[in-house]
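A.B. asks: One structure is given below, represented as structure tokens, and several questions about it will come after.
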Amino acid sequence: MDRNILLLAICTYVVIIVFGNLINKYLRMPWMFTVVMFGIFLAAFGLFQETFQSSNFLFLSKIGMLFFLFTIGVDLELEKIRQMGRYIILGDILLTLTEGLLLGLLFFFVYPNFVNHSFLVAVIAGVAFGTVGEVILLAILKEFGLEHTKFGQLALGIGVFDDIFEIGALALIIALPSFAKDGAIAASWISSIKLLVILVCIVLVTFLFSKAGKLVKKYLEKIDSNSFIIPFLIFLIIFSFFYFSSMQFENMSVIAAIFSGLAVQQFLPEKFVSQYKKPIYFIGNMFLGPFFFLSLGSKISFASLLDFPILIISIIAISLIVRVSLSYLLFQKILGKKQSAVLGVGLCAKFSTSVVSENLLFTSGLIAAPLYSAIMAAFILMKPIIIGVFSTSVASIKDQVK
């Protein structure tokens, strides 16, 4: 391995331990924001630029991204999704599409060069930004003991459904480069059909794992909990999904990573999923995760942040206004006026699979560096605002929530 990668890793871990601990303690922000900001700092001063472009670093960041998505798949609660009412499904679709459309209009009409003069790309970039980071919501709701209330279940249900919504956005993003090539309409349609077939196959294989799990779980239960077979079986499933999904389209492994988490969750007995979840999270998030979040930060243009502050402010303003106002209109009958407005603030929490979508749009050349930088800056700036306001507001309504 490149020695510079080892040095970069050492510096990154020091930053996480020192500054990540501080922002987590006082701002309640996840440590990965520290890594993104560290990546921006390194890129601004031209440090480790060759390392960021090296094949070893790119491989580690790609694997880090895939394991990050795998952990989301493992945590998806399919039973909760099946039980969702019309408020969660229709509410989430309306919230995400409205925010995405308004952001898309901003990008297309005010900054057309940033989206290749494509309205479709502009809207997809907006929709990708609009998805909710339910991990942060869960942490705050748990702190106040509200995760099982109607208020908490509605918030988390929308966050969980967002992950399913995001899979569709990822599929569109992967297909878009085929249509971006002039004079290749027929080839584009063939590529899109192939992509759709692969997506259907991924879903089908996941479904088969789910059905097979019902048959083999009773036999797998008999395996000793400390047996080496189970962890190797988990990694066999993970890397099989990664490999076979990327044979035609490299980026299809992004979607396969989420479904591999679902397959493991459905195939293995719950005791094994619970036992090995933390070790896999350690590998994926603590070891490989920093490389992925460093790569996100290293792509952000600091000059663009200084040149386009209005774009950043506009993204944040549209997101806040749409989420709070629509949440108030949609949910006031079942939650009340104050709780529905507070819910809208919580639903502005971002930075889940959305960062992967925006990263794919940028690396595919569909959006320009200034827009990618502005979107990532909006993610970062919104986090302390939303966490602070949402936590304070939840504390004020805690006794009224049922």
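The values are calculated or read from the model by the stated rules, or taken from the named source; none is laboratory data. Note that the structure is a prediction, hence the values are computed from the model and not measured. All Cβ positions, glycine included, derive from the backbone under ideal geometry; neighbour counts span all protein chains shown.
A.B. asks: Filter the range 282-294 for residues that are exposed (fewer than 14 other Cβ atoms within 10 Å of the Cβ) and within 12 Å of Phe68 (Cβ to Cβ) and give the result.
C.D. replies: Of everything in the range 282-294, just one residue is exposed (fewer than 14 other Cβ atoms within 10 Å of the Cβ) and within 12 Å of Phe68 (Cβ to Cβ), namely Met286.
A.B. asks: Tell me yes or no: at least one residue of the range 24-41 is among the hydroxyl-bearing types (Ser, Thr, Tyr), modelled with pLDDT under 90 and more than 29 Å from Gln266 (Cβ to Cβ).
C.D. replies: So far as the range 24-41 goes, yes, one or more of its residues are among the hydroxyl-bearing types (Ser, Thr, Tyr), modelled with pLDDT under 90 and more than 29 Å from Gln266 (Cβ to Cβ).
A.B. asks: Among the residues of the range 204-222, write down those that are more than 16 Å from Phe70 (Cα to Cα), aliphatic (A, V, I, L, M) and in contact (Cβ under 8 Å) with a residue 40 or more places away in the chain.
C.D. replies: Within the range 204-222, Ala212, Val216, Leu220 meet the criteria.
A.B. asks: Any residue at all in the range 168-191 that's farther than 23 Å from Ser274 by Cβ, exposed (fewer than 12 other Cβ atoms within 10 Å of the Cβ) and modelled with pLDDT of 75 or more?
C.D. replies: No, the conditions are met nowhere in the range 168-191.
A.B. asks: Just to be sure I understand, how many residues within the range 205-226 are surrounded by 13 or more Cβ atoms within 10 Å (Cβ to Cβ) and outside any helix (DSSP H, G or I)?
C.D. replies: Here the count works out to 2.
A.B. asks: Please verify whether Phe59 is among the aromatic types (Phe, Trp, Tyr) and touching a residue at least 12 places away in the same chain (Cβ under 8 Å), treating the condition exactly as stated.
C.D. replies: No: the conditions fail for Phe59.
A.B. asks: Return the residues of the range 214-251 that are touching a Leu at 6+ places or on another chain (Cβ under 7 Å) and either of a type in the set (D, E, K, R) or under 22 Å from Ser357 (Cβ atoms) (or both); say none if nothing qualifies.
C.D. replies: Phe242, Phe249, Asn251
A.B. asks: If Gln49 passes every condition in (1) out of contact with any helix residue (DSSP H, G or I) (no Cβ under 7 Å at 6 or more places or on another chain); (2) modelled with pLDDT under 85 but one, which one does it miss?
C.D. replies: Gln49 satisfies every listed condition except (2).
A.B. asks: Where in the range 69-147 are there helices (runs of 4 or more DSSP H), lying fully within it, with 2 or more residues that are under 29 Å from Ala377 (Cβ atoms) and modelled with pLDDT of 70 or more?
C.D. replies: Where helices (runs of 4 or more DSSP H) fall fully within the range 69-147 and carry at least 2 residues being under 29 Å from Ala377 (Cβ atoms) and modelled with pLDDT of 70 or more, they are 86-110, 119-129.
A.B. asks: Filter the range 349-401 for residues that are under 29 Å from Phe331 (Cβ atoms) and in contact with a Ser or Thr (Cβ under 6 Å, 6 or more places away or on another chain); which is modelled with the lowest pLDDT?
C.D. replies: Restricting to residues being under 29 Å from Phe331 (Cβ atoms) and in contact with a Ser or Thr (Cβ under 6 Å, 6 or more places away or on another chain), the top hit is Val401.
A.B. asks: Return yes when Val273 is more than 30 Å from Glu50 (Cα to Cα) and either among the aromatic types (Phe, Trp, Tyr) or touching an Asp or Glu at 6+ places or on another chain (Cβ under 8 Å) (or both) and no when it is not.
C.D. replies: no
A.B. asks: Here is a follow-up. Inspect all residues belonging to the range 60-68 and state whether any of them is among the polar types (S, T, N, Q), over 23 Å from the mean Cα position of the chain (by Cα) and not in a loop (DSSP other than H, G, I, E, B).
C.D. replies: No.
A.B. asks: A further question on this structure: Regarding the range 371-388, can at least one residue be identified that is out of contact with any strand residue (DSSP E or B) (no Cβ under 6 Å at 6 or more places or on another chain) and farther than 30 Å from Val121 by Cα?
C.D. replies: yes
A.B. asks: To continue, here is another question. May I ask you to list pairs of residues, at least six apart or on different chains, whose Cβ atoms are under 8 Å apart, with the first in the range 93-107 being under 13 Å from Ile321 (Cα atoms) and the second being acidic (Asp, Glu) and at pLDDT below 90?
C.D. replies: Thr96/Asp162
Let's see how each residue does on (1) among the basic types (Lys, Arg); (2) touching a residue at least 40 places away in the same chain (Cβ under 8 Å); (3) crowded, with 19+ Cβ neighbours inside 10 Å; (4) over 29 Å from Glu99 (Cβ atoms):
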position: Ile238; (1), (2), (3), (4): no, yes, yes, yes
position: Phe244; (1), (2), (3), (4): no, no, no, yes
position: Leu268; (1), (2), (3), (4): no, yes, yes, yes
position: Leu296; (1), (2), (3), (4): no, yes, yes, no
position: Ile312; (1), (2), (3), (4): no, yes, yes, no
position: Ala317; (1), (2), (3), (4): no, no, no, no
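A.B. asks: Sticking with this one: Within the range 30-53, work out how many residues are β-branched (Val, Ile, Thr), over 10 Å from Gly297 (Cβ atoms) and within 22 Å of the chain's Cα centre (by Cα).
C.D. replies: So the answer is 0.
A.B. asks: Right, here's the next one. For the range 8-53, how many residues meet the condition of being in contact with a Cys (Cβ under 9 Å, 6 or more places away or on another chain) and part of a helix (DSSP H, G or I)?
C.D. replies: 2
A.B. asks: Starting from the range 1-29, keep only residues that are closer than 25 Å to Leu381 by Cα, then list their pairs with residues that are of a type in the set (Lys, Arg) and modelled with pLDDT under 90 whose Cβ atoms are within a distance under 6 Å, requiring at least 6 positions of separation or different chains.
C.D. replies: Met29/Lys383
A.B. asks: Among the listed residues Met252, Met247, Met286, which satisfies the condition of being at pLDDT below 85, of a type outside the set (Lys, Arg), closer than 18 Å to Ile72 by Cα and out of contact with any helix residue (DSSP H, G or I) (no Cβ under 8 Å at 6 or more places or on another chain)?
C.D. replies: Met286
A.B. asks: Here's another thing I want to ask about it. Answer yes or no as to whether Pro279 is surrounded by fewer than 14 Cβ atoms within 10 Å (Cβ to Cβ), part of a helix (DSSP H, G or I) and in contact (Cβ under 8 Å) with a residue 24 or more places away in the chain.
C.D. replies: Taking the combined requirement at face value, the residue satisfies it.
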